[in-house]
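The values are calculated or read from the model by the stated rules, or taken from the named source; none is laboratory data. Remember, it's a predicted structure, so these values are computed and weren't measured experimentally. Every residue, glycine among them, receives a Cβ derived from its backbone with ideal geometry; neighbour counts consider all protein chains shown. Heavy atoms of the whole protein, side chains included, go into the accessibility calculation; ligands, DNA and RNA do not. Shrake-Rupley method; radii C 1.70, N 1.55, O 1.52, S 1.80 Å.
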Amino acid sequence: MKKTLIAILLTSLSIPQASACTGISLTSTNHDYIQARTIEWGHSDLNSKLIISPRDYSYTSTMPDQQTGLSWKSRYGFTGISVSDDRYIAEGINEKGLSAGLFYFKGYGSLADFDPKKVDNNIVDMDFVRWMLTQFKTVDEVTKALESIKLVTVFIDEKGQPSPTAHWRVADKQGNAIVVEIMNKGEIHIHKNSAKVLTNSPDYPWQVTNLNNYIHLQPGSSAPQKINGVDAFSFGVGSSFIGLPGDISPPSRFVRAAFYVNSAPEMSNSEQAVSQAFHILNNFDIPIGSEFSPQYKAHIPDLPSATQWTSVIDQTNGYLFYKTMNDSRIKRVDLNKIDFSGDKEIKRQLDDGKFKFENVIH
């Protein structure tokens, strides 16, 4: 059986790795809808590519035993960013403004058992984003269509154990946004993304409930007060959110991202919202090595960052922005200028793999 690279990454590594994706949603007063996220993998280069896929393009999902599962033809063109395999889209937007992305959900995601005798409507979890982007334009359409498919694992190891799966964020151009989680061997749970944040495990309801532990956090500084006759005052700005968790665990990143989204200033247009999204996500860039325990320090890979890329999607105006661990300059893909009537996919490296800087004084 031929193993895909993503399966090898997810199942055969004994060294703990950072898979610490953080997603946020922002909205301008002009009703511009922005979906932004980071993607992390601290072991090796995910070899992510920019994928541009046309309308009327044929797809087939390959099962964990290499059988052919569901086949379909795209209704809409899309652009997205792949991980490890050009087929596997981690984040993207289609020409109708639907955005979808996957987030690692180890320990909680649990798909239905794979039945090799019944595969006609099966899609592997790593194909789910691509299927949504090619078929639908609204969250409601996605929700209804979930009843017609069965998501199965992309890989089953020699012991019969499935690879860890994901949960998914889906949002449309009308401002509707959901989180899709599949647990307990195939139970589909759909949650409104009311917190405007998604990270990893535990499940979304737990993460939202956990925000109750941080209702004291506020932007700004605490007012001076007397404590037993002693004048107490802030050392500097930010004392009102002392206690904001700063570690890279999924619950802490969820709380931190929710705080920054909630405290963001009013943004009057999409440009301001896109800029704000990048600034917020700068707080979630994970330096390489910080996720390794001392006994694993010898195995730290040659990567600039565990955060391999950051993307920001402007659903309203049809833009995909991104920057990478090698190149902090922001690049933009304008879907309005893409001809989606072609007959093949376009695949491009996100960068040339070299650290980028520019001399300002020559």
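Which Cα, out of V230, S148, V170, lies furthest along the positive dipole direction of the stretch 125-252 (beta carbon charges, K/R +1, D/E -1)?
V230
Taking all protein chains as present, what is the carbon and sulfur share of the accessible area of the stretch 299-351, in % to the nearest whole number, probe 1.4 Å?
43 percent
Over the stretch 225-292, with every protein chain in place, what whole percent of the accessible area is carbon and sulfur at 1.4 Å, could you tell me?
Using a 1.4 Å probe with all protein chains present, the stretch 225-292 comes out at 56 percent carbon and sulfur.
Which whole-number value in Å² is the accessible area per residue of the stretch 206-362, probe 1.4 Å? If you can, show how the numbers build up before the last one.
Details: 9570 Å² over 157 residues.
With all protein chains present, the stretch 206-362 gives 61 Å² per residue.
Report the net charge of residues surrounding I248, where surrounding means a beta-carbon distance below 9 angstrom and charges are Lys +1, Arg +1, Asp -1, Glu -1. Let's see the in-between values first.
Details: positive: R253; negative: E40, D247, E291.
Spelling it out: positives minus negatives among the neighbours equals -2.
Show which aspartates and glutamates lie in cross-link reach of K354 when reach means a straight Cα distance below 20 angstrom and same-chain residues fewer than eight apart are skipped.
Partners within reach: E40, D45, D285, D302, D327.
For H279 and S234, what does the FRET efficiency come to when R0 = 25 Å and r is the distance between their Cβ atoms, rounded to the nearest 0.05?
Working: r = 23 Å, r/R0 = 0.93.
After rounding, the FRET efficiency stands at 0.60.
Which of the aspartates and glutamates could a cross-linker bridge to K196, judged by Cα under 14 Å and excluding same-chain residues fewer than eight apart?
Partners found: D172.
Using a probe radius of 1.4 Å on heavy atoms only, what accessible surface per residue do you get for the stretch 74-141? Whole Å² is fine.
31 Å²
Roughly how many percent of the accessible protein surface of the stretch 41-144 is carbon and sulfur, given a 1.4 Å probe and a whole-percent answer? Walk me through the numbers before you get to the answer.
On the way: 1560 of 3650 Å².
Taking all protein chains in place, the stretch 41-144 shows 43 percent carbon and sulfur surface.
What figure in square angstrom, to the nearest 10, would you give for the accessible area of M126 with a 1.4 Å probe?
20 Å²
Got a sec? What order do K337, K354 fall in by accessible area at 1.4 Å, biggest, i.e. largest, first?
The residues order as K337, K354, largest area first.
To the nearest 10 degrees, how steep is helix 270-281 against the longest Cα principal axis of the chain, on a 0 to 90 scale?
80 degrees
What whole-number value in cubic angstrom gives the convex hull volume per residue for the C-alpha atoms of the stretch 293-333?
Per-residue hull volume (Cα only) is 72 Å³.
Leaving ligands, DNA and RNA out of it, rank R55, R256, R329 by accessible area with a 1.4 Å probe, largest first. Mind showing how you got there, number by number?
Details: R55 90, R256 20, R329 130 Å².
The residues order as R329, R55, R256, largest area first.
Grab the DSSP H runs of the chain that are 4 residues or longer, score each as -39,500 (n - 2.57), total them, divide by all residues and round the 222 nm result to the nearest 500 deg cm²/dmol.
-4000 deg cm²/dmol
May I ask for the net charge around L211, where only other residues with Cβ less than 13 Å from the Cβ of L211 are counted and Lys, Arg are +1 while Asp, Glu are -1?
+3
Below 8 Å between Cα atoms, with a sequence gap of 6+, how large is the relative contact order for the chain in percent?
The value is 24 percent.
If the cut-off is 24 Å between C-alpha atoms, which lysines fall inside it for K73, apart from same-chain ones fewer than 8 positions away?
Cα-Cα hits under 24 Å: K49, K96, K117, K118, K137, K144, K150, K173, K337, K344, K347.
What net charge do the residues around G69 carry, taking every other residue with its C-beta under 14 Å from that of G69, with Lys and Arg at +1 and Asp and Glu at -1?
Within the 14 Å Cβ shell, the charges total 0.
Note the angle between two axes, namely the Cα long axis of helix 250-262 and the longest principal axis of the Cα atoms of the chain, as a number of degrees from 0 to 90, rounded to the nearest 10.
On a 0 to 90 degree scale, this one is about 70.
Taking a probe of 1.4 angstrom, what is the accessible area of T153 in Å², to the nearest 10?
The value for T153 is about 10 Å².
Just how much of I149 is accessible, in Å², when a 1.4 Å probe is used and the result is rounded to the nearest 10?
Looks like 20 Å² after rounding.
So if R0 is 35 Å, what FRET efficiency would I149 and Q174 give, r being the distance between their Cβ atoms, rounded to the nearest 0.05?
Details: r = 23 Å, r/R0 = 0.66.
E(calc), rounded to 0.05, equals 0.90.
Below 8 Å between Cα atoms, with a sequence gap of 6+, how large is the relative contact order for the stretch 106-175 in percent?
Details: 63 pairs, mean separation 31.2, N = 70.
Value for the stretch 106-175: 45 percent.
Which order do you get for D327, D343 if you rank them by accessible area with a 1.4 Å probe, largest at the top?
Final ranking, largest accessible area leading: D343, D327.
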